[in-house]
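The values are calculated or read from the model by the stated rules, or taken from the named source; none is laboratory data. Quick caveat, the model's predicted, so the values are computed rather than measured. Note: ideal-geometry Cβ built from the backbone for every residue, glycine included; neighbour counts use all protein chains shown.
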Amino acid sequence: MALLPILRFPDLRLKKIAAPVVRIDDSIRKLVADMAETMYEASGIGLAATQVDVHKRLVVIDTSEERNHLRVFINPQLGRCEGLQSGEEGCLSVPGIYDKVERAERITVDYLDLDGQPQSLTADGLLAVCIQHEIDHLDGKVFVDHLSQLKQARIKAKLAKQARVTA
């Protein structure tokens with residue numbers, strides 16, 4: 001396994017729309033393992049392949065307290081979305097920035113597992129938010145895209161300043 005570099009907002013590669021995974025093979029399994037290791041090392045709860053500059057519809061998520069319940073979603077598609085919830089979100093691609101985003105409260109997602117088997121999951125709470133957040137990445141969106149233009153400009157300026165300070 002290997003740690004992968006995570007793209008940082010406003011990198012334009014985060015805007016790319018991911019292509020469906022056509023075949024689940026050893027390269028996909030290695031990518032899943034590397035993404036999981038990267039997510040855990042960065043103390044994240046979700047990571048989309050887009051964030052590591054691989055533009056395939058693949059997401060890893062672990063919202064468990066123990067960090068031992070890895071979920072893999074290949075070619076995820078949202079189905080039913082019900083209710084609304086608003087909560088603070090952050091992102092490994094937008095480090096140190098958190099803001100309120102409105103999302104569906106309960107969702108159904110269809111996807112393939114690592115064995116290529118079709119699955120369907122109904123989720124609510126944090127898992128529902130995380131799935132929606134990561135699918136946004138696959139569609140070329142970052143959570144700040146849900147915020148006002150003013151907030152987006154402030155976030156870009158803050159991240160640019162952080163980059164200059166650490167350079």
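Which pairs do you get when a residue that is within 22 Å of Leu159 (Cα to Cα), found in the stretch 85-108, comes within reach of a residue that is of a type in the set (Phe, Trp, Tyr) and assigned to a loop (DSSP other than H, G, I, E, B), reach meaning Cβ atoms under 9 angstrom, with the pair 6+ apart or on two chains?
From residues that are within 22 Å of Leu159 (Cα to Cα), the pairs are Cys91/Phe9; Ser93/Phe9; Val94/Phe9; Pro95/Phe9; Ile97/Phe9.
What's the number of the condition Arg13 fails, among (1) assigned to a strand (DSSP E or B); (2) of a type in the set (D, E, K, R); (3) under 28 Å from Gln162 (Cα atoms)?
If we test Arg13 against (1) assigned to a strand (DSSP E or B); (2) of a type in the set (D, E, K, R); (3) under 28 Å from Gln162 (Cα atoms), just (1) comes out false.
Just to be sure, is His69 farther than 24 Å from Asp34 by Cα and either touching a residue at least 12 places away in the same chain (Cβ under 8 Å) or surrounded by fewer than 21 Cβ atoms within 10 Å (Cβ to Cβ) (or both)?
Answer is no for this residue.
Any idea how many residues of the stretch 88-97 are modelled with pLDDT of 95 or more and surrounded by fewer than 17 Cβ atoms within 10 Å (Cβ to Cβ)?
2
Say we look at the stretch 1-16 and pick out the residues that are under 18 Å from Ala157 (Cα atoms) and among the hydrophobic types (A, V, I, L, M, F, W, C); which of these is farthest from the chain's Cα centre (by Cα)?
Leu12
Name every residue in the stretch 46-65 that is closer than 19 Å to Ala33 by Cβ, without any contact (Cβ under 8 Å) to a residue 60 or more places away in the chain and of a type outside the set (A, V, I, L, M), in order of residue number.
Correct list: Asp53, His55, Lys56, Asp62, Ser64.
So Ser27 fits all but one of (1) touching a residue at least 60 places away in the same chain (Cβ under 8 Å); (2) assigned to a helix (DSSP H, G or I); (3) surrounded by fewer than 20 Cβ atoms within 10 Å (Cβ to Cβ); what number is the exception?
(1)
If the Cβ limit is 7 Å and pairs must be 6+ apart or interchain, which residue in the stretch 109-133 that is closer than 24 Å to His146 by Cα pairs with which residue that is at pLDDT below 95 and part of a helix (DSSP H, G or I)?
Between residues of the stretch 109-133 that are closer than 24 Å to His146 by Cα and residues that are at pLDDT below 95 and part of a helix (DSSP H, G or I), there is no close pair.
Among the numbered criteria (1) closer than 19 Å to Cys91 by Cα; (2) in contact (Cβ under 8 Å) with a residue 40 or more places away in the chain; (3) surrounded by 17 or more Cβ atoms within 10 Å (Cβ to Cβ); (4) in contact with a helix residue (DSSP H, G or I) (Cβ under 8 Å, 6 or more places away or on another chain), which single criterion is violated by Ile17?
Unmet condition: (3).
Do we find that Thr108 is surrounded by 15 or more Cβ atoms within 10 Å (Cβ to Cβ), out of contact with any strand residue (DSSP E or B) (no Cβ under 7 Å at 6 or more places or on another chain) and at pLDDT 95 or above in this structure?
Taking the combined requirement at face value, the residue does not satisfy it.
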